[in-house]
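Each remark here refers to the structure printed beneath this line.
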Amino acid sequence: MGMYVSENSIVLENNYAKVLIFQKDARVESVFDKVHGKEIKGEDTYFFSLVAQDKQTIVVPTGLQCDDDCITVETPLGDFRVAVSAQDDYFTFELLEALPAASYKGVIAHVKYNYDVKDKSNTGAIGIAM
């Protein structure tokens, strides 16, 4: 459990989910529902990205570096660091410094799921920004 590097991916894992993120560009590779034993990744997303100052251009990372409980997100606009914590049933992400000055906003933990929302036995997922 926790956060670790496996092959070319950063893995986030707790009792309910295992999320694989490509280190090369922060694309979500896999979201595995451990409770039901099935893949639930929806359409492709970038787990981390920036939005440029024009408020429209998505700036994709050029790499992710994992060090203990921190991920450094490398982008053409500059780098930023995010602390990651895996709890039994949730993950937390904390921006550790200001985003690069050339950016308008950052996107953290962007994942889309593919499961039947009417099935109450499904593992749920929700994000709360603070």
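Since every read-out is calculated from the coordinates, none of them should be taken as a lab result. All figures in this text were calculated on a predicted structure; none of them were measured in a lab. Don't worry about glycine lacking a Cβ; one is built from the backbone with ideal geometry, like all the others, and counts go over all protein chains shown.
Efficiency by 1/(1 + (r/R0)^6): what FRET value for Glu97 and Val117, r their Cβ-Cβ distance, R0 = 41 Å, to the nearest 0.05?
Rounded to the nearest 0.05, the efficiency is 0.70.
Rank by packing, highest mean first: peptides 71-81, 108-118, 5-15, with packing defined as the count of other Cβ atoms within 10 Å averaged across residues.
71-81, 5-15, 108-118
Roughly how many nanometres apart are two label points built 7 Å out from the Cα toward the Cβ at Thr57 and Lys24?
Label at Thr57, label at Lys24, 2.3 nm between them.
What is the count of Lys pairs in the chain whose alpha carbons sit under 19 Å apart, if the two are 8 or more places apart or on different chains?
16
Once R0 is set to 30 Å, what does the formula 1/(1 + (r/R0)^6) return for the Cβ-Cβ distance between Phe32 and Arg81, expressed as a FRET efficiency to the nearest 0.05?
0.70
Under the √(5λ) rule applied to the eigenvalues of the Cα gyration tensor, what semi-axes describe the equivalent ellipsoid of the chain? Give them in Å, descending.
25, 16, 13
Sorted by packing (mean other beta-carbon atoms within 10 Å per residue), highest first, where do 16-27, 57-68, 38-49 land?
Put in order of decreasing packing, that is 16-27, 38-49, 57-68.
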